[in-house]
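Peer 1: Here you go, one structure.
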Amino acid sequence: AILEKRKIQEPYREPFGDHFTDLYGRPIGWTICLSLMEKVFFPAALIAMLLSAAWEPLFLTLLFESLFSVSILTIVAPAGHRLEFFGKGILVTPIRYAGLIYDVTTTFRFATDLWVRKDKRWRK
């Protein structure tokens, strides 16, 4: 009944509302939570290894994480382009880690603003 009253039909409209959320939940929250945990704990582990001069575990962590990421990229690449995507994945690895360093500085600034300066007017 309500769909017939709409002037613009939206075929991809996502259902919303408290009732829908109570009934089915929002599984995307796990994705966001795990992504946030990765952005905080993976750099923290790398920094801990750097500060404690644990060079071998640091090297192995970087090596296996890079191989894992490039392997996934190669597997999901279209057939016929896997070697190309493998090469690009290797070339982009330093840029990924530069982004990780930037994330660490952003997280540190956020934590400093929030917990040290008590300034809650931080920017996104």
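What follows is calculated from the coordinates using simple rules that are stated; it is not laboratory data. These numbers come from a predicted model, not from an experiment. Cβ placement follows ideal geometry from the backbone for every residue including glycine, while neighbour counts extend to all protein chains displayed.
Peer 1: Which residues in the range 32-72 place their backbone N less than 11 Å from a point set 7 Å from the Cα of THR107 along the Cα-to-Cβ direction?
Peer 2: In the range 32-72, the label zone of THR107 (backbone N under 11 Å from the point 7 Å along Cα→Cβ) covers 35-48.
Peer 1: Test of understanding: what is the full-extension gain from LEU62 to ILE75, defined as 0.36 nm times their sequence separation minus their Cα-Cα distance?
Peer 2: That works out to 2.7 nm of additional length.
Peer 1: For a quick protection proxy, order the peptides 98-104, 52-58, 41-47 by their average other-Cβ count within 10 Å, most packed first.
Peer 2: Put in order of decreasing packing, that is 41-47, 98-104, 52-58.
Peer 1: Report the extension gain between LYS118 and ARG96 in nm, rounded to one decimal, defined as 0.36 nm multiplied by the number of residues separating them, less their alpha carbon distance.
Peer 2: 4.8 nm
Peer 1: Restricting attention to the range 64-105, which trypsin sites (Lys or Arg not before Pro) occupy a DSSP loop and are surrounded by at most 16 other Cβ atoms within 10 Å?
Peer 2: Here no loop site has a sparse enough neighbourhood.
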